[in-house]
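See structure below.
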Amino acid sequence: MQEQIIKPAQTNILPAVDSQTEASVAQGADSSLASPQDFHIPEAQHDPEEADSQQAELQQADPDLFNLDLPELLKRLKKLHSEKAFLKSFDRYYQYKNRFQQLLEQAREQARQKFLKFREEDNEEFHFETSDDIKEVQKLLDKIFQEIQEEKKRREKEMQQNLLKKQDILDEMRKALQELPVQEAKARMTELRKQWKETGPVPPAESEKIWNSYKYWNEQFVRLLEIDREIYEEELRRNLEEKEKILQGLENLLKMPPLKAVQYLPHYRKLWAEAGPVPKEKSQEIFEKFKELLGKIYERRNAEIQKLKELWQKNKEQKEELIRKAREITEAPLETFAQYKERIAQHEELLRLWKLVGRTSPKDAELLWNEFSQQRQALHKKWQELQKKRKEEWQENLRIKQSIIEEARTLLHPDNWKAATSRMVQLMEKWRSVGPVGKEHAETVWNQFREIRDKFYEARKAYYEEIPKVYQRNKEAKLQLIDQINNFSEPNGLNYEKMLEQVKTWRRQFQEIGHVALSEKAELEEKFNQAIQGFLQRHSVDRREAEKVRYRQHILELSASDENGLSKLKAEERTLRAKIERLTAEINQLENNLRFFQFAKNAEDLVKPYEVKLSQAREQLQLQEDKLKTLRLVLKKAESQNHDKRSD
């Protein structure tokens, strides 16, 4: 007999049959068909050997994949892409993508080594420029990935269409069995079952439901055939012939490579499950033969996988040892660039040995390679971190010195040369304490700082030489202002508010003139206050009113002095209240003393000094209370202005 292999009409892998279901198939019409769950083969995560066989098959499809260089990989990708090979095996695409990632990492590492060998400065940055081949491979992989996604969508759409077709077939089965005579029903059912087998898979969520419906109508068909024994026996003989062809195909699989042969088994299980019952006297025999052939195919598969596993394990152990050595090289202390170059050379030797070791299992290959390449990357990262740390220190030192320069520049025109000199000394000490900034910036920043420092001390020298002259000019200006106040005359007279505004103007002018010699400051301020007092008296303002005017001017200056004016006004309020409380207590004590002395001998002589003190205290109390009223008016206005600012 000519050798025959019945190849699958569909590319998807369908469920397999187990021994219990096969036994039920041989018993007759009621058990001739089984659901997908009865024929289920566990997924790869539950069946490691099945997954291993698929992975091994992928390796056998491209046994030289891990030996391809970048140009060869590009050429192979183009060829397989033109053949649409990746649309038949998605896993194959990921194998090629992983190989590309390995080659990309190798190219990056080689470029890094070349850069380290020829670079001129330690702090020069490494930049990897991708070649045209790398860009073309990446572009082609992206295109293949998009095609895979489209293929997945196409298959999903096809499964939906298959679902509709099978639903139509089931409806036709129902009509044939319920409406046609036996002979016509048999012919129609044969045609519909053929259509069912030729129709592809349906969405997994609908598989069980539609299979059960198909099984039900086939059972009804078998019962219908039993009514006509001759037709029924003819159906059994036809099923027997079909199953014998299946057995012949399984025997031919034994002559194929084990891992290749096992790929056809899901299709043969599907054919077997759909073949229907056979004559009872042949049922057990043919089923035992089916189980025997399945067992032999799996036995050969398992033996082949075991050999591969042993080889993979041996290679895995060798690569783990190389990883261990790479880790020791990476984790050793690293301080100089010479040490870094030496360790890179050691990693290159380990990479050469790595390439000599054979392949491992696909599930280990990427993990091992990633761990191995990570050690080289970790070494490079370790050196980069050292470089980065040093650069960061230089950058921080440069930032500090630039801030010193900027602050020193603000001291060139100070209001207070004593404070500015003290600060310049502190900045020079801070400059000396800051570390290096690198050759690129060292000379520039030092020249900038030295230039500013020299300008500062030159200006300071000129300032102190000019101070006596400035003090004398300020003294003369203040004396001139005092004379102006003493000689001030307004023909039409001044009201209270105008006098207050005039005093305010003079006080501002007196302060704006500037400093005088410390030995003359008190004398000039006394003359200025006397001039103001004389001005008020000349305009019929008594001493008490003059004091009110002076005080009002004082608190207005406090209010406008700076951003803390409100706080100063509140502090002044607390001071006044304390004075008022003290004066009130003093007055009470004096009044008690007067009541005590009025009954004593010579009471008039004893009482007189206390009456004078009491009068002065009451006058002072009234003055402080007037000041408090004036202060509270200004304070209320200041608080209102502060509230408006916050609202804005």
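The values are calculated or read from the model by the stated rules, or taken from the named source; none is laboratory data. What you see is a predicted model; the values in this text were computed from it and never measured. Methodologically, a virtual Cβ is constructed for each residue, glycine included, from the backbone with ideal geometry; neighbour enumeration extends over all protein chains shown. With ligands, DNA and RNA removed, areas are computed over all heavy atoms of the protein, side chains included. Shrake-Rupley method; radii C 1.70, N 1.55, O 1.52, S 1.80 Å.
Which ³J(HN,Hα) values in Hz, rounded to whole numbers, follow from the phi angles of segment 188-198 under the Karplus curve 6.51 cos²θ - 1.76 cosθ + 1.60, where θ = phi - 60° and Gly and Pro get x?
Whole-Hz 3J(HN,Hα) from phi for segment 188-198: 5, 5, 4, 5, 5, 5, 5, 4, 4, 5, 7.
Using the beta-carbon distance between residue 142 and residue 256 and R0 = 41 Å, what value does 1/(1 + (r/R0)^6) give for FRET efficiency, to the nearest 0.05? Before the final figure, lay out the partial values.
Details: r = 36 Å, r/R0 = 0.88.
Result of the calculation: an efficiency of 0.70.
At q = 0.09, 0.10, 0.23 Å⁻¹, what log₁₀ I(q)/I(0) does segment 260-362 have when each alpha carbon counts as one equal point scatterer in the Debye sum?
After summing over all Cα pairs, the log10 values are -0.51, -0.56, -1.16.
Sorting 515, 554 by accessible area (1.4 Å probe), largest first, what list results? Walk me through the numbers before you get to the answer.
Working: 515 140, 554 65 Å².
I get 515, 554, largest accessible area first.
With 13 Å as the cut-off, how large is the P(r) tail for segment 235-304, expressed as percent of Cα-Cα pairs?
That fraction is 63 percent.
Using each residue's phi in segment 392-397, evaluate 6.51 cos²θ - 1.76 cosθ + 1.60 at θ = phi - 60° and report the 3J(HN,Hα) Karplus result to the nearest Hz, with x for Gly and Pro.
Using θ = phi - 60°, the values come out as 5, 5, 4, 5, 5, 4 Hz.
Below 8 Å between Cα atoms, with a sequence gap of 6+, how large is the relative contact order for segment 243-390 in percent?
Numbers: 78 pairs, mean separation 38.1, N = 148.
Over segment 243-390, the number comes to 26 percent.
On the protein heavy atoms, probe 1.4 angstrom, tell me the percent of accessible surface of segment 434-532 carried by carbon and sulfur. Walk me through the numbers before you get to the answer.
On the way: 3200 of 6770 Å².
Ligands and nucleic acids excluded, carbon and sulfur reach 47 percent.
Gap in Å between the Cα centre of segment 381-458 and the Cα centre of segment 499-515?
After rounding, the separation between the Cα centres reads 43 Å.
Ordered by packing density, taken as the mean number of other Cβ atoms within 10 Å over each peptide's residues, highest first, how do 251-262, 266-277 rank? List each step's numbers first, then the result.
Details: 251-262: 17.2, 266-277: 21.2.
My ranking of the peptides, most packed first, is 266-277, 251-262.
Quote the FRET efficiency, to the nearest 0.05, computed for residue 325 versus residue 391 with a Förster distance R0 of 41 Å and r equal to the Cβ-Cβ distance.
So the FRET efficiency works out to roughly 0.85.
Please state the shape class of segment 331-442: rounded when a/c is under 1.5, otherwise prolate if a/b exceeds b/c and oblate if not, all from the C-alpha gyration tensor. Mind dumping the intermediate values first?
Details: a/c = 6.34, a/b = 4.06, b/c = 1.56.
Here segment 331-442 falls in the prolate category.
Set the bar at 19 Å for Cα to Cα. Now go through 504/627; 186/270; 194/215; 166/209 and name every pair that lies beyond it. Intermediate results must be reported in sequence, preceding the final value.
Details: 504/627 17 Å; 186/270 22 Å; 194/215 14 Å; 166/209 11 Å.
Exceeds cut-off: 186/270.
Given a Förster radius of 56 Å and the C-beta distance between residue 613 and residue 433 as r, what FRET efficiency does 1/(1 + (r/R0)^6) yield to the nearest 0.05?
0.30
Round to a whole number: what % of the accessible area of segment 356-417 belongs to carbon and sulfur, probe 1.4 Å? Walk me through the intermediate numbers first.
On the way: 1790 of 3670 Å².
C and S fraction of accessible area: 49 percent.
Counting only heavy atoms of the protein chains, get the accessible area per residue of segment 127-218 (1.4 Å probe) and round it to a whole Å² value.
On the way: 5800 Å² over 92 residues.
Value for segment 127-218: 63 Å² per residue.
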